[in-house]
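The values are calculated or read from the model by the stated rules, or taken from the named source; none is laboratory data. The shown structure was predicted, so the numbers you read here are calculated from the model rather than taken from an experiment. With ideal geometry, Cβ positions are generated from the backbone for all residues, glycine too; neighbour counts draw on all protein chains shown. Heads up: the accessible areas ignore ligands, DNA and RNA and are worked out on the full protein's heavy atoms, side chains in. Shrake-Rupley method; radii C 1.70, N 1.55, O 1.52, S 1.80 Å.
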Amino acid sequence: MLVEDSLVVRHLLTHIVGRDPRLVLVAAVASGEEALEQIAAVRPDVISMDIRLPGIDGLETTRRIMAEHPTPIVVVADAVEDSSLRISMNALRAGALSVVEKPVATTHSGYDAVAGEICTQLRIMAQVPVIRRRPIGSEWAGRRAAPPAAPEPAPSDRPTVLAIAASTGGPPALARVIGGLPEDFPLPILVVQHMGAAFMEGFAAWLNGVVALPVALAQDGERVVGGRVYVAPGDRHLELGANGILRILDAPAVGGQRPAATVLFRSLARQAGPRGIGVLLTGMGEDGALGLLEMRRAGGDTMAEHESTAVVYGMPAAAVRLSAARSVLPLDRVAGQILRAVQPDPQP
């Protein structure tokens, strides 16, 4: 189902979907009200959602769909308009799975790349099982317990840097974890979030507005400072270099990803060893698992999100299969585990 108020863009999206033999258009509507009216009848596998709609906007339409007819939603947004970006990020928090760039025109130089990404995201997200949105933590009730956390590191190995990585479902998960850390959190936090390059600056600005710690895109050559969040820029790898200096690399993709979580985690294994913390959250694929394993082998404290709360249990599952995670935790317990590793209770 396509939800788009602009007739021109709706025709463009219809054309884009029609080019892919693996996709079938079941409805194309101009408003959130129409989408809510038709969804029960057409029962789409995936929805392409415009965020700026007349009447009920895309954010509220997303909330209602996820509450009443849970369906994978891909937000198609203008990547350069600040207000649209903020609404798009909040739509992810409300249950949408990913954000892709809105097509401009068939004559635009980037049209084919944008069209290809839209089809790829629609195909992939159509396979993601979704459930009605419930408060984080309620999914955990009645589930089998996560494995107990490993023993605390020795005092001489207290952590000095934290790296967190996520993909599909990542923005709200990152907001929950980083938002659970206090304003005086002592470690620098390095973040890899798989998202289109055009959205990364807006994502960092959105995250900065919903957590207590300051968030910005990482800059090549800057020295990390405790209590700050550094987000990998679009289509570039982020590494921790010697002496706490960040490196932004235009190196080939790793495992099909740039930025890659494995690149970031491997750099922590090299530079921080037992003083690094690595956290792998929800996401499609296997990025980050091998890097997290290297961190654990180097003595670092490694964590993966538990299946019960992961929007897509791909990346964390890969880490669990490799025994790369010392702790496997539902999302609402990750921040607490980080704080216990950084600021353990004093010995009696």
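Key figures
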| read-out | value |
| --- | --- |
| Subset of the range 34-67 [more than 10 Å from residue 96 (Cα to Cα), within 24 Å of the chain's Cα centre (by Cα) and open to solvent by 70 Å² or more (accessible area, probe 1.4 Å)] | 45, 52, 64 |
| Residue match in the range 180-195 (condition: within 24 Å of residue 292 (Cα to Cα) and either assigned to a helix (DSSP H, G or I) or charged (D, E, K, R) (or both)) | no |
| Subset of the range 259-284 (residues that are closer than 12 Å to residue 165 by Cα and of a type outside the set (A, V, I, L, M)) | 259, 262, 265, 278, 282, 283 |
| Candidate set from the range 42-67 (those that are small (Gly, Ala, Ser) and within 20 Å of residue 121 (Cβ to Cβ)); member that is modelled with the highest pLDDT | 48 |
| Residue that is over 15 Å from the mean Cα position of the chain (by Cα) and of a type outside the set (A, V, I, L, M, F, W, C), where the choices are 226, 202 | 226 |
| Qualifying residue in the range 268-290 (condition: of a type in the set (A, V, I, L, M), open to solvent by 40 Å² or more (accessible area, probe 1.4 Å) and at negative phi) | yes |
| Residue that is open to solvent by 40 Å² or more (accessible area, probe 1.4 Å), more than 27 Å from residue 120 (Cα to Cα) and either touching a Ser or Thr at 6+ places or on another chain (Cβ under 9 Å) or among the charged types (D, E, K, R) (or both), where the choices are 228, 258, 236 | 228 |
| Selection count, the range 92-123, where residues are in contact (Cβ under 8 Å) with a residue 12 or more places away in the chain, open to solvent by less than 50 Å² (accessible area, probe 1.4 Å) and out of contact with any helix residue (DSSP H, G or I) (no Cβ under 6 Å at 6 or more places or on another chain) | 6 |
